[in-house]
Protein chains: 2
Amino acid sequence: MTQDIDILISEVGPRDGLQNTKQFMPTDYKKKWISAAAAAGLREIEVCSFVPPKLIPQMADAPEVVAHALTIPGLNVAALAPNFTGAQRAMRAGVHKLTLTISVSREHSLSNVRMTPDEAIASAKKICDFRDSLPKDKRPIIESGLSTVFGCTLEGAVSEDEVVRMAVASVEAGCDEVGLADTTGYANPEQVRRVFTKVRAAIGGKLSGAHLHNTRGLGLANVVAALEVGVTTFDSSLGGLGGCPFAPGATGNIVTEDLVFMLEAMGLRTGIDIDKLIAIRKIVAEGIPGEPLYGYVPDAGVTKGFVPATARG
Amino acid sequence: MTQDIDILISEVGPRDGLQNTKQFMPTDYKKKWISAAAAAGLREIEVCSFVPPKLIPQMADAPEVVAHALTIPGLNVAALAPNFTGAQRAMRAGVHKLTLTISVSREHSLSNVRMTPDEAIASAKKICDFRDSLPKDKRPIIESGLSTVFGCTLEGAVSEDEVVRMAVASVEAGCDEVGLADTTGYANPEQVRRVFTKVRAAIGGKLSGAHLHNTRGLGLANVVAALEVGVTTFDSSLGGLGGCPFAPGATGNIVTEDLVFMLEAMGLRTGIDIDKLIAIRKIVAEGIPGEPLYGYVPDAGVTKGFVPATARG
């Protein structure tokens, strides 16, 4: 992270958000969104996932979207891949960062990627080895995105020892970073503090960020807990798009707009201009008409006399 | 607080919630709600406010509602009053706890109760003196409910020194407790930690609870911050009713159902049965048809295999 920000927000809307919408957002709108997000100050955007277009047609234009994102100076272009084929496509497209989804829950892993967690680790090793065979300037950072870390809708509780074991295995497989995801919106602040602390004790600085959901309204509460134990990178999604919403109002991903407001109000610099950020909702609303956009701050506005930490410098 | 719970949740829905709805909830529904809330394990309910019925017709049945609540064994019956006349009515009705709203912001105080903050303190002193003139068994606990503590929609930032001064003045006026309210949804977690710590340094154990709003989605995040600095009493409202909602989804009060879920998941006992609590929404929805009820946990359900702290004993 550069020294002019305290917290890195990784916008996952174009990937996690659009992957879960019914409509295909036209490629031009995706490009506009990504450009506007970068212009608002976002330093990292997960722009797409490399999944079979037959399964998720929303991501059929992944290479074109990456190509556009790569033209934006200074932007860290991230993408997700569930397997070796997808990872190869992502690397061919030239992403800077590649996140592999590796589920700690056996049931979730089998239903999501048809591999056991250990098979997913083996796949990650194959991907990392392939990456290492590329010329140096073609090698992306590889993140193990551990999912269902805080609980699983199929299995219920997930063993914290197993989370630690999978984090260590990810590093041993060659991953540069390990992120922890509350895929299911199961996490609570006490658990967030405990699990991040345990994983950091095991893999130190390779622990990267938190991907928290807001399914039960605890998203920002969990951010506060993660901040306390030193987490400085957070995934979030514009308008809370994506992440398996259960019901109206019960969003999946934490809302970037609300997250930025909270952090800036707390005196933590994100480098993001909240007015420009909120203005992006218009592009997204046009690109996927009728899709609900969540968030409190866009409705209520910032507080009177609000001076964001980023503006204070 | 009794030793079998860690956190006292004070349900303010029948007061703060119904005061802000367009419809009058029939008195029988109010009684059913209060009884059901007590049966779900709530130990304290702010059942009404003693305000001029001409101004707030929703509260016209305040004495009857208090009389019903007083029949419920073990329930701490609380009410709010904005001035001496209201406080006298509340004491006549026999409430156990009386909360006086005292705004730290001069502009808000003038527009809300047509008194300056210092005049409101003088009024509190008059009320406390009157209370002390009553027979011992007729004397309620009096709480100074300091409002606009974290910011004001009219004035913007509110001086923390002024908050401390008003807390001390409340105690000197004879109030037994001082609660801090984020009336406007302006608080952020860093500020919550700082302000509660400052006020506790000034008035110690007389600092009672936190009344936090969710206008900008930071309600539960602020609860986490307050827990860290030792706050153990929280106001909340069933379905997030009340508290000046700005827009759909942008609720006022924090939602009791989500708060209870979070605390119990964190291992903190509230004494409340979350299934019984969620079931109360049906009564409320029938009593004020069409009024939106908020909350994430009621939609998403508790997590698979969830064992609340209260059930663990």
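Here are the numbers for this structure:
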| quantity | calculated |
| --- | --- |
| Cα-centred dipole magnitude for the protein assembly as shown, charges only on beta-carbon of K, R (+1) and D, E (-1), debye, nearest 20 | 260 |
| Sites matching trypsin sites (Lys or Arg not before Pro) across segment B:1-68 that sit in DSSP coil, with at most 13 neighbouring C-beta atoms within 10 Å | B:LYS22, B:LYS54 |
| Å³ per residue enclosed by the Cα convex hull of chain A | 119 |
| For B:GLU286, label point 7 Å along C-beta direction: distances to other copies, nm | 4.9 |
| For segment A:194-313: Kirkwood Rh in Å [reciprocal of mean 1/r, alpha carbons] | 15.3 |
| Under 5 Å, built H, 5+ apart or other chain: amide partners of B:LEU241 | B:TYR294 |
| Per-residue average of Cβ from other chains inside 10 Å of A:291-297 | 4 |
| B:LEU55 paired with A:HIS96, simple spin-label distance in nm, labels 7 Å along Cα-to-beta-carbon | 5.7 |
| Top of B:GLY94, B:GLY179, B:GLY156 by mean-square fluctuation, Gaussian network on chain B, Cα under 10 Å | B:GLY156 |
| Shortest-first distances to equivalent copies, position B:THR85, nm, label 7 Å out along Cβ | 7.7 |
| Percentage relative contact order, segment B:8-312, counting C-alpha pairs under 8 Å, at least six apart | 18 |
| Selected from A:THR184, A:THR303, A:THR197 as most flexible by GNM, with chain A as the system and alpha-carbon contacts under 10 Å | A:THR303 |
| Beta bridges per DSSP with both ends in the protein assembly as shown, % antiparallel, nearest 5 | 10 |
| Inverse mean reciprocal Cα-Cα distance (Kirkwood Rh) of segment A:5-83, Å | 12.6 |
| For peptides A:138-145, B:129-136, A:96-103, B:148-155, sequence by mean Cβ density within 10 Å, most packed first | A:96-103, B:148-155, A:138-145, B:129-136 |
| For A:THR99, residues with placed amide H under 5 Å, excluding near neighbours | A:ALA79, A:LEU80, A:ALA81, A:GLU143 |
| Fluctuation leader among B:VAL65, B:VAL113, B:VAL171 - chain B, Gaussian network, Cα springs under 10 angstrom | B:VAL113 |
| Segment A:159-240 - Kirkwood radius from inverse mean 1/r over Cα pairs (Å) | 12.8 |
| Cβ neighbours within 10 Å from other chains - mean over B:265-274 | 2 |
| The protein assembly as shown - Rg (one decimal) and Dmax (whole number), Cα, Å | 25.6, 87 |
| Per-residue [θ]222 nm for the protein assembly as shown (sum of -39500 (n - 2.57) over DSSP H runs n ≥ 4, rounded to 500) | -12000 deg cm²/dmol |
| Label point 7 Å beyond Cα along the C-beta direction, distances from B:PRO52 to other copies (nm, shortest first) | 7.2 |
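Computed from the coordinates by the stated procedures, all read-outs in this text should not be read as laboratory data. Just so we're clear, the structure is a prediction, and the values are computed from it rather than from any experiment. All Cβ positions, glycine included, derive from the backbone under ideal geometry; neighbour counts span all protein chains shown.
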